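Visitor: Pasting a structure below so you can have a look.
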There are 2 protein chains.
Amino acid sequence: MMSAQARRSRPSARGTLSREAIVAEAIALADREGLDAVTIRRLAQIHNVTPMALYRYFKDKDEIFDGVAEGLIAQIALTPLTEDPWQDQLRAVLEAVLAALRPHPTVAGLVPTRFLDSAAGLAIAERTLELLGRGGLPQDKAAEVSGYLLSGLVGMVIVEPGRHHGSDADEREDAIRERMASLIALPPRKYPNVVQAAPALAACASPDAYYKLGIDILITGLLGVTTHL
Amino acid sequence: MMSAQARRSRPSARGTLSREAIVAEAIALADREGLDAVTIRRLAQIHNVTPMALYRYFKDKDEIFDGVAEGLIAQIALTPLTEDPWQDQLRAVLEAVLAALRPHPTVAGLVPTRFLDSAAGLAIAERTLELLGRGGLPQDKAAEVSGYLLSGLVGMVIVEPGRHHGSDADEREDAIRERMASLIALPPRKYPNVVQAAPALAACASPDAYYKLGIDILITGLLGVTTHL
DNA sequence: ACCTGAACACCGTTCAAGT
DNA sequence: ACCTGAACACCGTTCAAGT
């Protein structure tokens, strides 16, 4: 039913096919139905084309995922480098990364291992290394930290409490309610803190506050670590 | 050839089949050949059994992955709660999580979203919440932070520079060399920091130091955030 | 209770053609 | 240059039997 709609909604005037178009539909499909729904055959169907047609644009399925990651990274909006304090500028970078990834939690996991394979990712890595260097981190530590910051942000997006694959609001509420019920049903003598924290473990009261706290911990931690050197 | 070996190496005296045995082989298979190699049919072959036999023990493939996550989490060794400073005890928890996940980087990503579904995971969550509470974090913040710590650790394991699927040492070196070459070939005017940091971006000089720095940042960040409340 | 066997729908991918 | 069509090996999973 949904797939019939999708088949219909893309008339695909011959010649529309391109890397960008395929990647865009792959991201949209993953957002709607999860990463497993992204198959070569489904993508071909969406573009009104034979599965083999996609092989003109991508060597194999893995390259499509590379393209998806690159597409996400390309949406990270980097502001110009200034003479502002490094920690403020680094915070802006982290916020930009989150802003690009949060709308696409099911594909965010593709990003970290592919970050240095695209120009956009290299630009962000370059900026991050520059800012960490200004903060006093030696090059090798800065390299480790840059990867760590990125994967930390991606991790926050993936485990955001109450998030659920498929943007269906009812399913989301059901999943939260179910998790909540299973947590408050635990023996409070054995898991007092878990039971008390059940609402916060099951769903995020404020996603913005959740992400702000995560960034605060990272930046504060970096400040502490750099001054200890 | 490898799969023929695997077929041969498990005589499977009838009655050997069990959730634990299937999960153990699933983890071992993922470690050897990556998560995609873990299929119901491959697992059945390893246990000298028909694919359908596994459905006695798992409702579907997703439940096998749940079992794999639970198996990893069960290997996290939790020491008894004491009156030591909370940050020291929290560090010990984080180190225990890393010790369990590091040997299994290809399946580590299964853990965060399934953490609260097993008794072992709940015990660790309970401990973490207790320690964060001692540190002065309110319950709801502690819940967010506990998830964030976990996903941060998993992220570190997944993106550890120079890590590569399949424990083959030659392949690993080739991958590192290739990444290294592509980075130092970049225009140094555009990416001065990336080019300089190329060795550290391509591979970890000391994985232990890499993980220690990550934990330091998290703990230091937490200390800073809690004292600011 | 535990396992098999045949079948179905779907998958990525190769090869050889078509225009 | 760009797309099709048939085929192959492999998947998860259902249903119906076997012992």
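Visitor: Please verify whether B:Ile124 is touching a residue at least 24 places away in the same chain (Cβ under 8 Å) and surrounded by fewer than 19 Cβ atoms within 10 Å (Cβ to Cβ), treating the condition exactly as stated. I'd like the intermediate steps shown before the answer.
Guide: Numbers: touching a residue at least 24 places away in the same chain (Cβ under 8 Å): yes; surrounded by fewer than 19 Cβ atoms within 10 Å (Cβ to Cβ): no.
Criteria not met by B:Ile124.
Visitor: Residues that are away from DNA strand D (no atom under 16 Å from the Cβ): which helices (runs of 4 or more DSSP H) entirely in segment A:38-113 hold 3 or more of them? Explain how you work it out, then say what you get.
Guide: Values: elements: A:40-46, A:61-74, A:86-101, A:105-108.
Answer list for segment A:38-113: A:61-74, A:86-101, A:105-108.
Visitor: While we're here: Restricting to segment A:46-81, and then to whatever is within 14 Å of another protein chain (Cβ to nearest Cβ) and within 8 Å of DNA strand C (Cβ to nearest atom), can you tell me which residue is surrounded by the most Cβ atoms within 10 Å (Cβ to Cβ)?
Guide: A:Lys61
Visitor: For segment A:65-82, state whether one or more residues are at pLDDT 95 or above, under 24 Å from the mean Cα position of the chain (by Cα) and over 24 Å from A:Ala99 (Cα atoms).
Guide: Taking every residue of segment A:65-82 in turn, none turns out to be at pLDDT 95 or above, under 24 Å from the mean Cα position of the chain (by Cα) and over 24 Å from A:Ala99 (Cα atoms).
Visitor: Still on this structure, I have one more. Please identify the pairs in which a residue from segment B:188-200 that is modelled with pLDDT of 95 or more has its Cβ atom under 9 Å from the Cβ atom of a residue that is surrounded by fewer than 17 Cβ atoms within 10 Å (Cβ to Cβ) and part of a loop (DSSP other than H, G, I, E, B), counting only partners at least 6 apart or on another chain.
Guide: That search, which allows pairs on different chains as well, returns B:Val194/B:Pro188; B:Val195/B:Ala185; B:Val195/B:Pro187; B:Val195/B:Pro188; B:Gln196/B:Pro188; B:Pro199/B:Ala205.
Visitor: Shifting gears a bit: Being more than 10 Å from chain A (Cβ to nearest Cβ), in a helix (DSSP H, G or I), out of contact with any Lys or Arg (no Cβ under 6 Å at 6 or more places or on another chain) and modelled with pLDDT of 95 or more narrows it down to one of B:Ala143, B:Ala181, so name that one. First the steps, then the outcome.
Guide: Details: B:Ala143 fails: more than 10 Å from chain A (Cβ to nearest Cβ).
Checking each option against the conditions leaves just B:Ala181.
Visitor: Here are A:Leu94, A:Leu116: which of them is of a type in the set (A, V, I, L, M), more than 10 Å from every other protein chain (Cβ to nearest Cβ) and either within 26 Å of B:Val111 (Cα to Cα) or surrounded by fewer than 17 Cβ atoms within 10 Å (Cβ to Cβ) (or both)? Before you say what the answer is, go through the steps one by one.
Guide: On the way: A:Leu116 fails: more than 10 Å from every other protein chain (Cβ to nearest Cβ).
Criteria check complete, one pass: A:Leu94.
Visitor: Next question. Which of the following residues is in contact (Cβ under 8 Å) with a residue 60 or more places away in the chain, surrounded by fewer than 19 Cβ atoms within 10 Å (Cβ to Cβ) and touching a helix residue (DSSP H, G or I) at 6+ places or on another chain (Cβ under 9 Å): A:Gly136, A:Gly224?
Guide: A:Gly136
Visitor: Return the total of residues in segment A:142-167 being touching a residue at least 60 places away in the same chain (Cβ under 8 Å) and not polar (S, T, N, Q). Let's see the steps before the verdict.
Guide: Step one: of segment A:142-167, the residues touching a residue at least 60 places away in the same chain (Cβ under 8 Å) are A:145, A:149, A:152-153, A:165-167.
The next check asks that each one be not polar (S, T, N, Q); those that pass are A:145, A:149, A:152-153, A:165-166.
Total meeting the criteria: 6.
The values are calculated or read from the model by the stated rules, or taken from the named source; none is laboratory data. For clarity, every value in this text was computed on a predicted model and none was experimentally measured. Please note: Cβ atoms are built from the backbone with ideal geometry, for glycine as well, and neighbour counts cover all protein chains shown.
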